[in-house]
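Report on the following structure.
The values are calculated or read from the model by the stated rules, or taken from the named source; none is laboratory data. As the structure is a prediction and not an experimental result, all values here were calculated from the model. Note that each Cβ is placed from the backbone with ideal geometry, even for glycine, and that neighbours are counted across all protein chains shown. With ligands, DNA and RNA removed, areas are computed over all heavy atoms of the protein, side chains included. Shrake-Rupley method; radii C 1.70, N 1.55, O 1.52, S 1.80 Å.
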Amino acid sequence: MINEDQPAKRPTRITVQRLGGHLASIVMPNIGAFIAWGLITALFIPGGWLPNPTFAQLVDPMVKVLLPVLIGYTGGKLVHGQRGGVVGSIATMGVVVGTENPMFFGAMIMGPLAALCIKVFDRYVGGRVSSGFKMLVDNFSAGIIGGALALVSMLSIGPAVEVATKALGNGVQVVVDAHLLPLVAILIEPAKVLFLNNAVNHGVLAPLGVQDAAAHGKAIHFLLETNPGPGLGILLACALFGDRMVRATAPGAMIIHFIGGIHEIYFPYVLAAPRLVLAAIAGGAAGVFVFTLTGAGLIATPSPGSIISLMAVTPKGGHLSVVAGVAAATVVSFVVAAVLLKFGRGRDDQVETGGLVSTPVPRAAATR
């Protein structure tokens, strides 16, 4: 007997698959750039392995300009080829300039949107231009549409993100004040994936931690965002159960993340498969629960969030508690991520290929 609900559910499932595949196809081709930035950051920032102020100048421009523009270009190119990629890059610059935070999510919106605008223009206007004016019209239309969208995104998306960041910080403050620390992962982990981790950590958690550490000699607030466990568990699951490209890059990302302390390196893996944010939330909540249970805390904010940095700012006698929380977060996030990735079985064709190709329907099923 055929379930009457199946026809209604199939379009929704296919839509979600296509969205996941589209996000993956925007993010995953740029993983090499993320790894390059992660290595430079882990090595040359003041708290890195080989501090170098000259080389460290690359860190901010890469994460705030290069990576968002690459994502905007890739998203635009998927929609309308090279021309869409160029216009998507122009529009993304408005998002980049509109806020101090790295705007990867904004780039994932503006790149395809700008390319869609130029695609519509080419279909209804550009195709009717005579060959003698074709190049002129193409260049000016790309410049005008791209520039206009850059201005719009600068005045809208950037300020909107700033408002959202402030609201998120206030939400974290409320949860902390209510002493419901494990629930803070519901806010922190999605914010981290959107590259708002520094805003939450240094804007909200660090000031609270400084006050608590001054009174008690240590503070759990320094562990809430800097715990490398959730990201490590997700990367481990990706290395074992992800698609071909993910399996190839995840092991190197694990080293940069866990040893180098650059948490941002695992964010693209979650953006490419947004359901993995549930694994990050579960792992973060498990880690905070263990930290609370064992009385863990740090004397200062670890920078960067490496396991080595965590151990360096852990008070005497507190190392076992910190390691237990990190381990719990790693195990829980790994298990949840593995389940979400179906243990490597039944991968969607859209995610595997990074495209938007619909899953073919067998002839027998189509005619049933």
So, for region 49-194, what is the accessible surface per residue at a probe of 1.4 Å, expressed in square angstrom?
51
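Roughly to the nearest percent, how much of the accessible area of the chain is carbon and sulfur, given a 1.4 Å probe?
Answer for the chain is 70 percent, counting heavy atoms of protein chains only.
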Can you compute the modelled spin-label distance between Thr54 and Ala215, with each label point 7 Å from Cα toward Cβ, in nm?
4.8
Below 8 Å between Cα atoms, with a sequence gap of 6+, how large is the relative contact order for the chain in percent?
20
Total charge dipole magnitude, the chain, about the Cα centre, Cβ charges on Lys, Arg, Asp, Glu only, Debye to nearest 20
1080
Just read off the accessible area of Lys342 with the full protein assembly in place, 1.4 Å probe, to the nearest 10 Å².
100
Express in Å², to the nearest 10, the accessible area of Ser156 obtained by rolling a 1.4 Å probe over the protein heavy atoms while all chains stay in place.
50
Show which lysines lie in cross-link reach of Lys316 when reach means a straight Cα distance below 27 angstrom and same-chain residues fewer than eight apart are skipped.
Lys218
I'd like the accessible area for His263, computed on protein heavy atoms only with a 1.4 Å probe and all protein chains in place. Round to 10 Å², please.
10
Region 38-166, relative contact order [Cα under 8 Å, separation at least 6], %
24
Options [x] 18.9; [y] 22.6; [z] 41.8 are given for mean projected area of the Cα convex hull in nm², and the computed one is [y]
Residue with peak Gaussian network fluctuation, the chain [Cα springs, cutoff 10 Å], from Val96, Val129, Val331:
Val129
